[in-house]
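One structure is given below, encoded as structure tokens.
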Amino acid sequence: MQSKSCAAYPTAAGFGRNELEEMSRAVETVQPVVGAAPEGANDVQSAARAVREMFTSIAPRYDLLNHVLSFNVDRLWWWRTARTFSHAIAAPDARVLDLCCGTGDLTFALQKQAGKNMPQILGADFSHAMLQRARSKSLAKTVDNSPAPGWVEADALSLPFPNEHFNLVTSAFGFRNLANYDAGLREIARVLKPGGECGILDFSEPDGLMGQLYRVYFKRVLPAIGTLISGVSGPYAYLPNSVERFPKPDEMLDRMRRAGFREASWTPYTFGIAGLYRGKK
């Protein structure tokens, strides 16, 4: 009787052994996402440089576009995030860092939430143009003798602060643009005091019908409007790609735990279009 190779017989799910082995090798070669990857970037340094250049190019109309493209829901997200951490802001001698602060909208929401508690609040970003906008807005918003936030031009992957310095570190729609997510989480953990809290507000991709509608708007309508108003096409083509690339909530929570955060959680905002990641050091 003529023998036949075992590979000729179908195995699990109707696939031959050779096919299963190839699939297994393919799965093994899949690498986790390191960080943001703008078009043309091939390493961490070039990715960071491309992100900085993009935000510099849209800084003059950044606030207008945020409000228009989110239908002003972004204001609600900042307020809700600031309110979530009201207890941390109210702590005696609290130090708060708003990372990747952009033009300072969450920074100002945190300051407003603080009221008369007067914590030390710093906004940090590596885009000089965005910080210039934040400083200009700060001058217009500061009334009476209330202290204005401080502004620091700094790279989120290499912060110029000592270990265990802050009670709270936040980031709104900026963490997703880091060239290395795990390194960013480790740096946040480094500058937080033991028991300090981290809050990362960022986009996600909702499921179901809302997700389908969201993807049509996010991938087709938003880039067109953003390009029309800003006069720059790259950043608004990059935005939906960056959200699609960003780790899903379960994976992001795993990364937070590995970086040293306990009680890691994710709270969806507005049907899951955005969400707040929280963790304690």
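Is at least one residue of the range 37-53 of a type in the set (Asp, Glu), open to solvent by less than 90 Å² (accessible area, probe 1.4 Å) and under 25 Å from GLN113 (Cβ atoms)? No, the conditions are met nowhere in the range 37-53. Considering the conditions (1) crowded, with 20+ Cβ neighbours inside 10 Å; (2) among the hydrophobic types (A, V, I, L, M, F, W, C); (3) over 20 Å from TRP78 (Cα atoms), ILE200 is excluded by exactly one of them, (3).
Residues in the range 260-281 that are more than 13 Å from GLY196 (Cβ to Cβ) and either surrounded by 18 or more Cβ atoms within 10 Å (Cβ to Cβ) or touching a Lys or Arg at 6+ places or on another chain (Cβ under 8 Å) (or both): ALA264, SER265, TRP266, THR267, TYR269, GLY272, ILE273, ALA274, GLY275, LEU276, TYR277.
Looking only at residues in the range 91-104 that are open to solvent by 50 Å² or more (accessible area, probe 1.4 Å) and not acidic (Asp, Glu), the one that is nearest to ASP202 (Cα to Cα) is ARG95.
Quick one: is GLN111 farther than 18 Å from ILE200 by Cβ, buried (at least 17 other Cβ atoms within 10 Å of the Cβ) and out of contact with any helix residue (DSSP H, G or I) (no Cβ under 7 Å at 6 or more places or on another chain)?
It is true that GLN111 is farther than 18 Å from ILE200 by Cβ, buried (at least 17 other Cβ atoms within 10 Å of the Cβ) and out of contact with any helix residue (DSSP H, G or I) (no Cβ under 7 Å at 6 or more places or on another chain).
Scanning the range 250-270 for residues that are of a type outside the set (D, E, K, R) and either touching a Pro at 6+ places or on another chain (Cβ under 8 Å) or not in a helix (DSSP H, G or I) (or both) turns up ALA259, GLY260, PHE261, ALA264, SER265, TRP266, THR267, PRO268, TYR269. Being assigned to a helix (DSSP H, G or I), of a type outside the set (A, V, I, L, M), open to solvent by less than 40 Å² (accessible area, probe 1.4 Å) and in contact (Cβ under 8 Å) with a residue 60 or more places away in the chain holds for only one residue in PRO247, PRO240, PRO223, PRO235, and it is PRO235. Residues that are closer than 24 Å to ALA90 by Cβ, crowded, with 19+ Cβ neighbours inside 10 Å and not polar (S, T, N, Q) were ranked within the range 137-158; the one that is modelled with the highest pLDDT is TRP151.
The values are calculated or read from the model by the stated rules, or taken from the named source; none is laboratory data. Note that the coordinates shown come from a computational prediction; the quantities given were computed from them, not determined experimentally. Here Cβ is always computed from backbone atoms with ideal geometry, including for glycine, and neighbour counts include all displayed protein chains. Surface areas here come from the heavy atoms of the whole protein model, side chains and all, with no ligands, DNA or RNA. Shrake-Rupley method; radii C 1.70, N 1.55, O 1.52, S 1.80 Å.
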